[in-house]
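Undergrad: Following this message is one structure expressed as structure tokens.
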Amino acid sequence: MVILGIINNSTEVVSIAFAHSITNLIYTSLSANARLRILSMMHFDINSQYILRIVVSIIFITILVLFSYLNILKIENIFFFVVIRKSLDWVLELYISDSENNFNNNLIKSYLFIDALSYFYILYSCIFNTNYIIFSFIIWAFIPFVFLFKNFPNLKFKYFEFGKLNYNDFLSTFSIGFVILYQRVFIYLMWGTDVSAKFFVAFAIGGAVSSLVNTILVPSYIKRNKFQLNLNSLNKINKAIKFNILIILVSIILLSFNIIYNVINESVIVSNYYISSVIISIFGSFFMISGGLFKVIYIQVINKNNDLIELLIAFFSIIFITFVGFTYGILGLVFSYLFISLINFIFYTISLKYECKRLIN
């Protein structure tokens, strides 16, 4: 999305954004915090989850192909590649998590390295050789399949049992996916393809790093280092909170200057707000990373359900996006990712500090 945004391909950016949002809503919801539950050494039926993910992926892709063939939906090629990639990633996530659970990190290292090469190839194709853009996306989309095919004999299908969902985890992950989809649909319907593409790219720049850290690196780090809650870890959490408060203050000062500058110069140009939203989303990633760290500790270490927290975050996020979108227009949207990041940080900080004190006492 970011690469296509750099070369100003708005249509493809929007296509990728919606493909990601829709698959994220379906797959993340049905994942139900599976990675964190596996790494927490809880009893988790991986076999039934494999079946669930493979069956749902095949059904979803088949429906898309059928709708496209019957001209019910006009679907771009890149949309399909993103759906295929997300589907394969979804299945592979279980095998990677199970490998990490057995302290075998070679698979994830190899996967991240090859994946990084594919992104560089997409970047090269988009900038220097546009004839191979589709080919580069095909390679990127099927990279997880190579790892699945190689390790397929190790997927222990003992019996056909559709995955059993923990409904608390389902509610929490559904809430996350719904907010992302709602935000993108709202922006697209209000301001069209060109404006929404710029904002999708801006939010992706801030969200890419926090997503990588919170979904892959932090759970792995906690697992490898056998993180436990004690007075020392509580002090580290307090330091992280204080650091983020400092970032908040600096962000407020810089944002104030930015707003004053726009008001004085009567800048209502989309590009100015695009630059502002990139900067603000990067600041927001600090809070999202910390909030994500506290969330991982809350689920993976303490083994608590976070459905109520995520439902509250989703509720306030949707109200904020709708209110500022109708009231302040584009200017309000600039702050939407920052607000979602802040509210994640605040809710998980309060929840984790409460649980830490309760457990230590």
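The values are calculated or read from the model by the stated rules, or taken from the named source; none is laboratory data. Keep in mind that what you see is a predicted model, and the values were worked out from it rather than measured. Here Cβ is always computed from backbone atoms with ideal geometry, including for glycine, and neighbour counts include all displayed protein chains.
Undergrad: Please specify each residue of region 273-315 satisfying the condition of being free of Cβ contacts under 8 Å to residues at least 40 places away in the same chain and either under 21 Å from E355 (Cβ atoms) or outside any helix (DSSP H, G or I) (or both).
TA: Within region 273-315, L308, L312 qualify.
Undergrad: Would you confirm, using the coordinates I've provided, whether T11 is over 23 Å from F174 (Cα atoms), modelled with pLDDT under 85 and not hydrophobic (A, V, I, L, M, F, W, C)?
TA: When the stated conditions are applied, T11 passes them.
Undergrad: For the list (1) crowded, with 19+ Cβ neighbours inside 10 Å; (2) at pLDDT below 85; (3) farther than 21 Å from L25 by Cα, I need the number of the one condition that F199 fails.
TA: F199 satisfies all of (1) crowded, with 19+ Cβ neighbours inside 10 Å; (2) at pLDDT below 85; (3) farther than 21 Å from L25 by Cα except (3).
Undergrad: With I96, I72, I63 as the choices, which residue is modelled with pLDDT under 85 and more than 14 Å from I38 (Cβ to Cβ)?
TA: Selected residue: I72, the only one of I96, I72, I63 that is modelled with pLDDT under 85 and more than 14 Å from I38 (Cβ to Cβ).
Undergrad: So how many residues does region 165-189 have that are of a type in the set (F, W, Y) and within 21 Å of Y50 (Cα to Cα)?
TA: Looking only at region 165-189, we keep the residues that are of a type in the set (F, W, Y), and these are 167, 170, 174, 178, 182, 186, 188.
Restricting the remaining residues to those that are within 21 Å of Y50 (Cα to Cα) gives 167, 170, 174.
Residues that pass the stated criteria total 3.
Undergrad: I'd like to verify a number: residues in region 125-136 that are surrounded by 14 or more Cβ atoms within 10 Å (Cβ to Cβ) and over 18 Å from V82 (Cβ atoms), how many?
TA: Counting residues in region 125-136 that are surrounded by 14 or more Cβ atoms within 10 Å (Cβ to Cβ) and over 18 Å from V82 (Cβ atoms) gives 0.
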